[in-house]
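> To start, I am sharing the structure in question, which I have written as structure tokens.
The values are calculated or read from the model by the stated rules, or taken from the named source; none is laboratory data. Bear in mind that the values here come from a model prediction, so they are computed numbers and not experimental data. Glycine also receives a Cβ, built like all others from the backbone with ideal geometry; neighbour counts cover every protein chain displayed.
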Amino acid sequence: MEPLDRSTIWPYDEHGEPGRFYYSRYDSPTVAEAEARLGQLDGGHALLFPSGSGATTALVLALLHPGDTIALAEGAYYGTGVTFQALAKWGLRYVEFDQTGTPPEGVQLLWLEAPSNPFLTMPDLEAAAAHAAPVVVDSTAATPVYLRPLEHHADFVLHSATKYLAGHDDALLGAVVCRETAAADELRTFRSRTGISAAADPAWLLLRGLKTLEVRVRRQTATATALAEHLRRHAKVQTVRYPGLGGLISFDLADGEAARRVETSTRLIVNATSLGGVTSVMESRHRWEGDRVPTGLLRLSAGLEDADALWRDLAAALEQA
Ligand code: PLP
């Protein structure tokens with residue numbers, strides 16, 4: 001493994017001049033190594049942040065001005081809208097739009113999600129590229145294994161690296177991958193000045209996670225594909241959303257009570273939030289998102305357990321629906 005360097009300072013050279021690394025808020029070797037690896041995977045310049053939400057905050061504050069409006073994919077990660085709302089008192093506005101169609105005019109940034117969490121729609125990247133505003137694609141759930149948004153003319157890729165990239169539910173981390181060097185330099189300067197810098201330990205866990213990213217995500221995709229097929233044939237399941245890539249599925253039961261009974265009845269699948277880890281997790285999203293999602297919607301993130309064992313567990317729980 002690459003070394004884990006937890007230093008916050010490095011000595012100046014024999015002439016008293018700082019080298020590349022001198023204070024870790026600006027740049028540090030383990031973070032830089034993880035950024036280089038992720039940059040290769042996404043085909044751009046990667047910068048790490050303490051969380052996905054920290055990456056979102058840094059990117060919009062660095063790019064936009066008071067009074068600017070973001071067009072946010074409707075049905076995208078609930079917390080992204082919450083972050084934008086928290087920035088409203090500094091003059092940030094956002095409107096939601098259907099990312100499978102043409103984005104609205106008169107906005108200064110497009111924010112897409114591939115696939116959206118938990119509705120699992122894929123964005124129309126061509127329609128976004130034809131728009132005048134810069135394009136951000138939150139590609140947390142697709143990962144570079146299935147999508148490299150910069151190759152589709154996106155300007156920035158955003159990742160909650162907490163999910164598939166690190167992959168083991170033990171690191172909180174975010175990333176922005178920039179297409180242009182100048183934009184990456186600006187964001188790096190903003191990051192140093194505002195102190196939204198990632199630490200060495202989660203960066204090292206990201207380096208380790210990236211070594212198995214492809215094999216994990218392909219296996220999670222195979223498992224999710226099998227689970228989605230079973231769910232589509234199940235009498236108690238109304239709607240199944242699965243885009244055909246990645247490990248994330250959402251499906252609807254009759255109501256909130258049925259969803260609560262099922263999520264608390266599994267033994268192998270853990271009733272917990274988040275996604276993208278080696279452990280399968282499932283939860284009702286209504287508890288967090290309210291009426292934005294159907295009361296009976298369950299979100300399931302397939303892990304690396306045996307697919308048949310997962311279906312047996314889920315099928316037994318669905319008896320309680
Ligand atoms: N983007 C997506 C699609 C997410 O699912 C999440 C977290 O659930 C985030 C961003 C925010 O990431 P973090 O929890 O690392 O701040």
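> Take the residues of the range 129-175 that are among the β-branched types (Val, Ile, Thr) and more than 10 Å from the ligand (Cβ to nearest atom): which is farthest from the chain's Cα centre (by Cα)?
VAL135
> Keeping to the range 277-306, report how many residues are buried (at least 24 other Cβ atoms within 10 Å of the Cβ) and either at pLDDT below 95 or of a type in the set (Ser, Thr, Tyr) (or both).
Number satisfying all stated conditions: 2.
> Next question, about the same structure. Filter the range 125-149 down to the residues that are of a type in the set (A, V, I, L, M, F, W, C) and surrounded by fewer than 22 Cβ atoms within 10 Å (Cβ to Cβ), then identify the one that is nearest to GLY276 (Cα to Cα).
This residue is VAL145.
> Could you figure out which of (1) farther than 21 Å from ASP291 by Cα; (2) more than 11 Å from the ligand (Cβ to nearest atom) isn't true of TRP111?
(2)
> Follow-up. Is it the case that the range 72-81 has a residue that's in a helix (DSSP H, G or I), without any contact (Cβ under 8 Å) to a residue 40 or more places away in the chain and touching a helix residue (DSSP H, G or I) at 6+ places or on another chain (Cβ under 7 Å)?
Yes, the range 72-81 contains a residue that is in a helix (DSSP H, G or I), without any contact (Cβ under 8 Å) to a residue 40 or more places away in the chain and touching a helix residue (DSSP H, G or I) at 6+ places or on another chain (Cβ under 7 Å).
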